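Beneath this line is the structure, given in structure tokens, with notes to follow.
Nothing in this text is a laboratory measurement; each read-out follows from the coordinates by a stated rule. Not measured: the values here are computed from a predicted model. Reconstructed Cβ throughout: ideal geometry from the backbone, glycine too, with neighbour counts over all protein chains shown.
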Amino acid sequence: MKGILTLKHLVCALGLSAMLAVPAFDDARAADNFVTIGTGGITGVYYPVGGAICRLVNKGRKDHGVRCTVESTGASVFNVNAIRSGDLSMGIVQSDTQFYAMGGTEQFEKAGPDKDLRAMFSLQSEAFTLVARTDANINTFDDLPGKRMNLGDPGSGNRNTLELLMKEYGWTPATFKLATDLKPAEMAGALCDNKIDAYVYVVGHPNGSIKEAATTCSSHVVPVTGPKVAAFMKKFAFYPEATIPGGMYTGTDKDVKTFGPRATLLCSAKLDDNTVYQVTKAVFENLDEFKKLHPALADLTPQNMLEGNSVPYHPGAVKYFKEKGLMK
């Protein structure tokens, strides 16, 4: 029962006191701090990138006392909500999703503004990637009406971006012959099993799901350009142009023009400064190693990792950036 100190509790308490009193344990090592990073589907980029962050953090755990684990989630929107509720310490989130969460708009309108959301640093640039079966005769985004289209996992930043662009076109789920809500891990299989004609994945490249579709069945990456796309990008400035390199996937030999947000590592203002400082330091101090842990990270620099955020930076991250002269 609560409030009653049993003999077992007393023994544990005394044992803990004795451990804390041993001089050999410094403060950081005596009180390991556990953090969990929310990522995305296991076939996407968020999951291995989150793992790469944790790898570097755990590498120095004996010195700073922070232990890091990753969790596969429904991606951006889920991660923001889980950070807000305290279920996640940190999460990888698209730059557009953090903008809506901070302002309490779009899918966060009911929950209201999250004024405690804080940025740590930016990660890879992402691309709005349209993958289609070759026999579906989809060569532009405008060819999608009447096709079997996967809209994506409900609540994900991936689906939110697509639905925003659909609004620009005046489309609804009824625009398509079939509209599904498959998760990232299910999309390539559905495409190659001829259950859908196309799917959109807002993701860094190269990507496992898109490689699976490219090697398993005849498919290709479709350009997403044109006047309506240009108007959309002007309206939402956090969606800059993006290019998917040709030759990266079988069936897509030329560069593909599209747009896309940046992935960012976010946390709550309530997370203690030292934890955020140590995670930030672990990544920036080992940036060369970090960039080798996934191809999507190859173009990162200390400078562009401070770009693309639309929420305030956490004081713990700011402390590190100022120490290194990255921020005034």
Worksheet item: Using a simple charge model, +1 on the beta-carbon of Lys and Arg, -1 on the beta-carbon of Asp and Glu, nothing else, what dipole does segment 92-175 show about its Cα centre, in debye to the nearest 20?
Response: 140
Worksheet entry | Sequence-distant aspartates and glutamates (8 or more away, or on other chains) whose Cα lies within less than 19 Å of residue 291 | 126, 299, 307
Item to complete: Compare the Cα positions of 256, 198, 157 along the charge dipole of segment 127-259 (+1 at Cβ of Lys, Arg; -1 at Cβ of Asp, Glu; about the Cα centre) and return the one farthest towards the positive end.
Response: 157
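Using 0.36 nm times the number of residues separating residue 134 and residue 289, minus their current alpha carbon distance, what extension gain do you get?
Between residue 134 and residue 289, full extension yields 52.0 nm more.
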Fill in: Top positive-direction residue, dipole computed over the chain with Cβ charges, set 90, 131, 208
90
Fill in: Point-charge dipole on Cβ atoms (K/R +1, D/E -1) for the chain, about Cα centre, debye to 20
480
Fill in: Cα→Cβ-extended label distance, 7 Å offset, between residue 328 and residue 301, nm
2.0
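At R0 = 22 Å, how high is the FRET efficiency between residue 167 and residue 257 if r is their beta carbon distance? Nearest 0.05 is fine.
The computed FRET efficiency comes out at 0.55.
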Worksheet item: Given a cut-off of under 8 Å on Cα pairs at least six residues apart, what relative contact order in percent is computed for the chain?
Response: 23
Discussion item. Let me spell out the model: positive unit charges on the Cβ of Lys and Arg, negative unit charges on the Cβ of Asp and Glu, origin at the Cα centre of segment 127-259. What dipole size does that give, in debye rounded to 20?
Written reply: 240
Item to complete: May I ask you to sort 118, 148 by Cβ crowding, counting other Cβ atoms within 10 Å and putting the fewest first?
Response: 148, 118
Worksheet item: Along segment 316-328, what does the Karplus equation 6.51 cos²θ - 1.76 cosθ + 1.60 (θ = phi - 60°) give for ³J(HN,Hα), rounded to whole Hz, x for Gly and Pro?
Response: x, 6, 4, 4, 5, 4, 5, 4, 9, x, 7, 8, 7
Practice prompt. Measure out, as a whole number of angstrom, how far apart the alpha-carbon centroids of segment 173-219 and segment 236-303 sit.
Written response: 23
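Considering only Cα-Cα distances, which of the following residue pairs are longer than 18 Å: 167/235; 281/324; 167/234; 59/324; 115/270; 211/254?
As for pairs spanning more than 18 Å Cα to Cα, those are 59/324.
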